[in-house]
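The values are calculated or read from the model by the stated rules, or taken from the named source; none is laboratory data. Given the structure is predicted, the values throughout are model-derived calculations rather than measurements. All Cβ positions, glycine included, derive from the backbone under ideal geometry; neighbour counts span all protein chains shown.
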Amino acid sequence: MNGPRRKHRKARHQPASTQRKEEAVRAAKMTGWTKAHGQDDNQNNGGNPYPNEEFPPPSSTRRGGFRIFDVIFSKWQTLQLFERLYVLALVILVAGLAVVRISSNPSYYVYGAAPLAGLAYLVGFGLWIGPWIRRIWQFPLGKFVLAWSSAGIWVLALILTRMFVAEVLGLPPQDFEVTVRVWTLLFYLPIWTGVFYILTLVFALFAFISAGILSLITSSSLVNIFATKARWKLVLDRFVFRSFGHAGGAFIFAAITAAGLTWYFSAITRLEPAIRLTAYYADYQIVPRYPGVDTTRRLRLHPNGVVSYAEKHGWDVLISVDKVQREVGQVPL
């Protein structure tokens, strides 16, 4: 009976500062150990910052783990959306390598981690480059460059289309103006894609090389000369991380574009029936009153008294060439 009374009497005669400190400890225990306790730890000069044994303090390992998660979460909140995708891609790659290390099966990485990480890099790069393209279009110089580039690519596509139409039909392309104009898009969009491919590949190489050089600088003692403050080093590290992410996304875009262009130009010969069908309906006509020709068939007149006939067979067209028949006493065409 004397023991509890003595403890109660001792607690009642404690100084007011000690009682306030115990109340603060209890309040902090209920609210999750705020940062005020860290200040109390430093002010106790190595003593026990939690004199009340009824509420023991959390372990240092537990407090350190929560602080690490708090730091990671606060850093995550400061990142932009494309940066978060870059971080996600890096985490997926590292996790995939860990799974391959444990399971000794590289298929998890090839068919799982690599495509997902590549998709994250690609989407992040698109989210970053999209606003820049819109900003370039808003400037008069950007509009001028894009307009003239579009005109030049259209001329190049027109030349390639005329060559292809001449190869498919076996006749001069200038006699099939509508077909040439319609199928100019066959080369216009792929040429633009090829231009984007070249520009993206150059940008990827530049971003990768510059990020590698800056990463070497930031990891050496040279950074102390140019960046005396820690925040400047953080800015450089963030720029390096962004550059590596941009390079990864640009390389993936270039690889997909190259594969798509290779498939497109390898499959372009399958469009030959479609080109002949376009010529059949757009450039060949029936002329019932024209002399010296078969007026029951679709035809196209050419220079030097040449006429070509088009006959539809299913989904393809057969083209034949003949001379215009002239009667005796008729003026040569």
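Here are some notes:
- Every listed requirement among (1) loosely packed, with under 12 Cβ neighbours inside 10 Å; (2) over 30 Å from A282 (Cα atoms); (3) of a type in the set (G, A, S) is met by G126 save one, (1).
- When the residues of segment 196-212 are filtered to those that are modelled with pLDDT of 90 or more and among the hydroxyl-bearing types (S, T, Y), the one that is nearest to F239 (Cα to Cα) is T200.
- Members of segment 129-170 that are surrounded by 12 or more Cβ atoms within 10 Å (Cβ to Cβ) and among the aromatic types (F, W, Y): W154, F164
- Cβ-Cβ distances below 6 Å connect the following pairs, each with a first residue in segment 263-280 that is in a helix (DSSP H, G or I), a second residue that is of a type in the set (G, A, S), and a separation of six or more residues or different chains: Y280/A310.
Per-residue answers, yes or no, for (1) closer than 30 Å to L122 by Cα; (2) at pLDDT below 85; (3) touching a helix residue (DSSP H, G or I) at 6+ places or on another chain (Cβ under 6 Å):
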position	(1), (2), (3)
S243	yes, no, yes
E272	no, no, yes
R276	no, no, no
D283	no, no, yes
N304	no, no, no
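- Residue pairs meeting the criteria (Cβ under 6 Å; at least 6 apart or on separate chains; first under 24 Å from F239 (Cα atoms), in segment 86-115; second surrounded by fewer than 17 Cβ atoms within 10 Å (Cβ to Cβ) and not aromatic (F, W, Y)): I92/L116
- Of the residues making up segment 73-94, those that are surrounded by fewer than 15 Cβ atoms within 10 Å (Cβ to Cβ) and among the β-branched types (V, I, T) are T78, V91, V94.
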